[in-house]
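Taking it in order: structure first as structure tokens, then the write-up.
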Amino acid sequence: MLFHWNLTTATVPFAIANFCLAAVGAVCGGFWQDRAGPRKVAVVGISLWGLGNCLAGLGTPSLGAPWLYLTYGVMGGIGAGMAYITPLALVSKWFPDRRGLAGGLVTASFALGAFIYNQWIPRLPQFHAVAVHAGDLIATRMIEAAGGALGSAGVGAVTAVASSEIDTVMQVFVASGLISLLLGLPAAWLFRNPPPRLPVGPSPEGATEPPDVGCPPSKVLAMPQFYLLWLQLFANAIAGLSIISNAVPLIADLTAQPPASIAPLFGTVSIFNALGRFLWGSISDRIGCNNTFAAMFVVQATTLVLLGHAHDLTGALAGISVVLLCCGGGFGTMPSYNAQYFGTKYLGLNYGLVLSAWGFAGLIGPTLLARVRDSSGSYAVILPTIALVLSGSTILPFITRKPRS
């Protein structure tokens, strides 16, 4: 069957997957690993992600969008969240003196996988042919929305070809799931917590400092610092996730370039999402997490204002690269931010609760951006609004104070 989906419908699976990853999978995975250890959680998470992709590829052609929402969005998203939170909590325990750098490297590997994927999949000949036809169809709809006129025969030709090759896209889902299982399960089986740390030394009373301390989630949820960290991650993530999910049509809208020529270029600049996690994470070890988040808010707000006026391909890609750099930086910095404020003893669940901000940002931002494009015919009108949200968020890091011991 041919999927007669508008941009909003096509964006919803990504939004659902992000929400289930961060608001469900990361929370459940964090709660479970604090009790059962990292190995079981990682194995289950990888299994759900891999099977969700396989089932999406096998069933979507006949069952349509609801099946894709359920398998890739819900099942795969929950699995990805469990597999994501586990190594983040783990490295914070293994490397307590370099949490920013360690967390940045782990989250960078998450984004680096997307970069490698974007370099590999579009170069497959069959998939490339489908992408070219899909780009032609998107360009046709953009011209029609702008008031242009195209012959119905041209649109029909594009539709017929896309329908005959839709199985190629579904095969990518299946192959992705199988590769995730083959690579992820052996790696997850190696996960283990570090041995108990040696006592730091005698206190003035002669006692020793406990090796692993932290606030339980019940107390964390009663602290204003938790909600301030949550809001900071939400604000930082919403711009990047909105752009990632709508990148190709957004750049095409700004520059009037054909989508087929934009997709490979965006796949290249997506490396900034990975670089930002490492870069800003390491910066936070030097200037502090509060100052790091404030800097990322200012940089993103300024960039989004300029991006709305960027009508050449180089300028648009440069602006999006900066936003991705900062979006990735939030995910690279927040694990250390969370550990500094709430400790490491309950890090899995505590960080999972903070990470739920990613889920809500991933659900609201991409869907809102797609709806604005479907209703107004342009992305540019929403970019200043997101910039305003980021500007207002700059105050949050400065009013966030570390809890007293």
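Assorted remarks:
- In terms of its C-alpha gyration tensor, the range 272-405 comes out prolate, because a/c is 1.5 or above and the ratio a/b outweighs b/c.
- Here the label points at LEU63 and VAL381, each 7 Å from Cα along the C-beta direction, are separated by 3.7 nm in the simple model.
- Heavy atoms of the protein chains alone define the surface here; on that basis the range 1-127 has 42 Å² accessible area per residue at 1.4 Å probe size.
- Cross-link reach is defined here as a Cα-Cα straight distance under 23 Å, omitting same-chain residues fewer than 8 places apart; for LYS40 the lysines meeting it are LYS93, LYS345.
- Packing around the peptides 241-253, 104-116, 184-196, taken as the average count of other Cβ atoms within 10 Å per residue, puts them in this order, highest first: 241-253, 104-116, 184-196.
- Potential extension, ILE395-TRP189 segment - 0.36 nm per residue separation minus Cα distance: 69.9 nm
- Candidate lysines - alpha carbon under 16 Å from LYS402, same-chain residues fewer than 8 apart omitted: LYS219
The values are calculated or read from the model by the stated rules, or taken from the named source; none is laboratory data. All values derive from a computational prediction rather than experimental measurement. Cβ atoms come from the backbone with ideal geometry, glycine included; neighbour counts cover every protein chain shown. Note: accessible area is taken over every heavy atom of the protein model, side chains too, but ligands, DNA and RNA are not part of it. Shrake-Rupley method; radii C 1.70, N 1.55, O 1.52, S 1.80 Å.
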